[in-house]
Amino acid sequence: MEETFVELRGKVIRGDRDGARAIVDSLLEKGTDAQKIIGTSLIPAMDTVGEKFEKNEFFLPELLVAARAMENCMEVLQPLLVKGGVKPLATAVIGTVKGDLHDIGKNIVAAMLKGAGFEIIDLGKDVAPEKFAAEIKSRKPSLVGMSALLTTTMRAMKDTIEVIGKKGLRGDVKILVGGAPLTESYAADIGADGYAPDAAQAVRKARELLGIAQ
Ligand code: B1M
């Protein structure tokens, strides 16, 4: 089994989308848990791709094909993170902030929150502060989730929180932030209510912020 996870990691790193998907399909047929596949193979593959990019061993095209291979796997895995038929615990608006096109992690967080019983309004990526504010006004969520993967776009979270405040909506929602470059202290500095380093902890934090029993 370990060999299969290593093989899957390699296929995602090389951007072999069909090969990667075939392994995921066969792992699922054997009853392997979707979260285990994501955590053991797909996320480590993306970390390796990021490291190679930093070392100039990979360039943007390699980053893109690896991301497409991961997305091709997530197409079948994501629905499995979501259990249907439960009455929503609360509504959450979620998006990747302005200027940032990374959405793989945000999609996992959204799927896990959905799986935990949240109704999710996913605004996608490159979401302007005004869009977050408009959605809070019209959809009245209890939680807003923001994701950023670039050090240059972390600042957009602060801008978004400020715009939400200026529109008089800050008291209506709890704000949860996450993404690889973020830290607990950065989240506190920009006035977010909570930070989570990964999807499982995002669910835990979301429930905690809204006072929903764990
Ligand atoms: Co880009 N990229 N990228 N990239 N990319 C990174 C982030 C980078 C770290 C790579 C590197 O240099 N090592 C680097 C950022 C450096 C920095 O800012 N410090 C980088 C760069 C530089 C860039 C470009 C600028 C490259 C260029 O054009 N020269 C460019 C920017 C485009 C833009 O956004 N404007 C760019 C583009 C891209 C692609 C489009 C090719 C592609 C994204 C495709 C997509 O998302 N649809 C891409 C990819 C794939 C990556 C890496 C390799 C992988 C990201 C990923 O999907 N990880 C990444 C390196 C890395 O992260 N190791 C890299 C897997 C994912 C499951 O993890 O997103 O961290 P992650 O999500 C986690 C947690 O962070 C957390 O939970 C998730 C699940 O556990 N989390 C939350 C995330 N959101 C949360 C929200 C929460 C709570 C938790 O609450 C609401």
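The values are calculated or read from the model by the stated rules, or taken from the named source; none is laboratory data. Not measured: the values here are computed from a predicted model. For neighbour counting, all protein chains shown are included, and Cβ atoms are generated from backbone atoms with ideal geometry for every residue, glycine included.
Matching residues to (1) out of contact with any strand residue (DSSP E or B) (no Cβ under 6 Å at 6 or more places or on another chain); (2) at pLDDT below 95:
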residue: Gly85; (1), (2): yes, yes
residue: Val93; (1), (2): no, no
residue: Gly99; (1), (2): yes, no
residue: Asp126; (1), (2): yes, no
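For Ala188, only one of the following conditions fails: (1) small (Gly, Ala, Ser); (2) more than 10 Å from the ligand (Cβ to nearest atom); (3) surrounded by 21 or more Cβ atoms within 10 Å (Cβ to Cβ). What is its number?
Of the numbered conditions (1) small (Gly, Ala, Ser); (2) more than 10 Å from the ligand (Cβ to nearest atom); (3) surrounded by 21 or more Cβ atoms within 10 Å (Cβ to Cβ), the odd one out for Ala188 is (3).
For residues that are more than 9 Å from the ligand (Cβ to nearest atom) and surrounded by 14 or more Cβ atoms within 10 Å (Cβ to Cβ), scanning just segment 205-214, find the one that is farthest from the chain's Cα centre (by Cα).
Step one: filter segment 205-214 for residues more than 9 Å from the ligand (Cβ to nearest atom), giving 207-214.
Those left that are additionally surrounded by 14 or more Cβ atoms within 10 Å (Cβ to Cβ): 207-210, 212.
Numbers: Arg207: 17, Glu208: 18, Leu209: 18, Leu210: 19, Ile212: 21 Å.
Going through the qualifying residues, I end up with Ile212.
Could you please find all residues in segment 118-142 being under 13 Å from the mean Cα position of the chain (by Cα), at negative phi and assigned to a loop (DSSP other than H, G, I, E, B)?
Of everything in segment 118-142, those that are under 13 Å from the mean Cα position of the chain (by Cα), at negative phi and assigned to a loop (DSSP other than H, G, I, E, B) turn out to be Leu123, Lys125.
Leu182: touching a residue at least 60 places away in the same chain (Cβ under 8 Å), near the ligand (Cβ under 10 Å from one of its atoms) and buried (at least 21 other Cβ atoms within 10 Å of the Cβ), yes or no?
So Leu182 does not fit the description; no.
Just checking, does segment 140-152 include any residue being of a type outside the set (S, T, N, Q), farther than 26 Å from Ile212 by Cα and within 12 Å of the ligand (Cβ to nearest atom)? Write out each step before concluding.
If we filter segment 140-152 for residues that are of a type outside the set (S, T, N, Q), which is where we start, we get 140-141, 143-146, 148-150.
Next cut, farther than 26 Å from Ile212 by Cα only: 149-150.
Subsequent filtering for residues that are within 12 Å of the ligand (Cβ to nearest atom) retains 149-150.
Looking through segment 140-152, at least one residue is of a type outside the set (S, T, N, Q), farther than 26 Å from Ile212 by Cα and within 12 Å of the ligand (Cβ to nearest atom).
Among the listed residues Ala116, Ala67, Ala111, Ala92, identify the single one that is closer than 23 Å to Glu29 by Cβ and small (Gly, Ala, Ser).
Ala111
Leu149 fails exactly one of the following numbered conditions: (1) surrounded by 20 or more Cβ atoms within 10 Å (Cβ to Cβ); (2) assigned to a loop (DSSP other than H, G, I, E, B); (3) in contact with a strand residue (DSSP E or B) (Cβ under 6 Å, 6 or more places away or on another chain). What is the number of that condition?
(3)
Looking at Asp193, Asp198, which one is free of Cβ contacts under 8 Å to residues at least 24 places away in the same chain, surrounded by fewer than 22 Cβ atoms within 10 Å (Cβ to Cβ), within 8 Å of the ligand (Cβ to nearest atom) and among the charged types (D, E, K, R)? Don't jump to the end; show me each part of the working.
Values: Asp193 fails: within 8 Å of the ligand (Cβ to nearest atom).
Of the residues listed, the single one that is free of Cβ contacts under 8 Å to residues at least 24 places away in the same chain, surrounded by fewer than 22 Cβ atoms within 10 Å (Cβ to Cβ), within 8 Å of the ligand (Cβ to nearest atom) and among the charged types (D, E, K, R) is Asp198.
What do you reckon, is Lys114 crowded, with 20+ Cβ neighbours inside 10 Å, more than 24 Å from Met154 (Cβ to Cβ) and among the charged types (D, E, K, R)? I'd like the intermediate steps shown before the answer.
Numbers: crowded, with 20+ Cβ neighbours inside 10 Å: yes; more than 24 Å from Met154 (Cβ to Cβ): yes; among the charged types (D, E, K, R): yes.
Yes.
Which members of segment 156-182 meet the condition of being assigned to a helix (DSSP H, G or I), over 30 Å from Thr48 (Cα atoms) and charged (D, E, K, R)?
Asp159, Glu162, Lys166, Arg170, Asp172
Can you find a residue that is within 22 Å of the chain's Cα centre (by Cα) and over 22 Å from Ala180 (Cβ atoms) anywhere in segment 31-40?
If we filter segment 31-40 for residues that are within 22 Å of the chain's Cα centre (by Cα), which is where we start, we get 32-40.
Checking the rest, the ones that are also over 22 Å from Ala180 (Cβ atoms) come to 32-33.
Looking for residues that are within 22 Å of the chain's Cα centre (by Cα) and over 22 Å from Ala180 (Cβ atoms), one finds at least one in segment 31-40, hence yes.
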